[in-house]
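Visitor: This is the structure, below, for whatever I ask next.
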Amino acid sequence: MSVEFYNKNAEKFFKDTLKADMNYLYRKFLDNISVKNGEILDLGCGSGRDSKFFKELGFKILPMDLSEELAKKASEYLGQKVIVQDMKELDYENRFTGVWACASILHLKLEDVGIVLEKVFKSLKKDGVFYASFKYGENDYIKDDRYFTCFTEERFFKNFPKYKKNCIEVFQTFDVRKERENEKWFNIILKK
């Protein structure tokens, strides 16, 4: 469902998200990564904005998205191929220094979020860092042909208690895009 939205609206989404100020979130993520030149998996890379930032810092990046149309735009923007793949099919082991999943895993149903968390942790090196963001709240919903899984800290750890020991930080933010400043986000940073 959600992938069709991004294929149909790739141009608008690309333009609307490319210039968003993500510095606060980048800092939170990077402050926890000990290796400053490892490889980062950008899971659901969208426009490629975040991949480009990490790449320019000297990280090797592996950008991935399920939307073929967004992947084309991001590949051109990055000067690097974006892998078109379903994140539920991740199959890496001990490879990444970090996994960045900004507003991407939230499009999966709750049970599939658990599958992806397992695969992400398998893909991380020892002490690897995982960042993910979801809409803040207790109730999942569908809007504009996109599915949204929402979390509060309590709901996240009720569903995924085994990751409590890996939690570095949980925090809330407001959307950085214009005219969406009232939308609240649940952010989590985990360490393997």
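Visitor: Nearest 20 debye, what's the magnitude of the dipole of the chain about its Cα centre given +1 on Lys and Arg Cβ and -1 on Asp and Glu Cβ?
Guide: Here the chain has a charge dipole of around 580 debye.
Visitor: Can I ask one more? Mind checking which lysines have their C-alpha under 21 Å from LYS119, skipping anything on the same chain fewer than 8 residues away?
Guide: Here the lysines satisfying the reach criterion relative to LYS119 are LYS60, LYS88, LYS109, LYS158, LYS162, LYS164, LYS165, LYS191, LYS192.
Visitor: Please compute the length gained on full extension between SER34 and PHE174, using 0.36 nm multiplied by the number of residues separating them and subtracting their Cα-Cα distance.
Guide: 47.7 nm
Visitor: Relative to a virtual label point 7 Å from the Cα of LYS165 in the Cα→beta-carbon direction, which members of segment 107-136 show backbone nitrogen distances below 18 Å?
Guide: The answer is 117-130.
Visitor: Determine, from the Cβ-Cβ distance of GLU76 and GLU4 and an R0 of 22 Å, the FRET efficiency 1/(1 + (r/R0)^6), rounded to the nearest 0.05.
Guide: After rounding to 0.05, the efficiency reads 0.55.
Visitor: So if we plug the beta-carbon distance of LEU57 and ASN139 into 1/(1 + (r/R0)^6) with R0 = 45 Å, what FRET efficiency do we get, rounded to 0.05?
Guide: 0.75
Since every read-out is calculated from the coordinates, none of them should be taken as a lab result. Here the structure is a predicted model, which is why all the values come from computation and not from measurement. Glycine also receives a Cβ, built like all others from the backbone with ideal geometry; neighbour counts cover every protein chain displayed.
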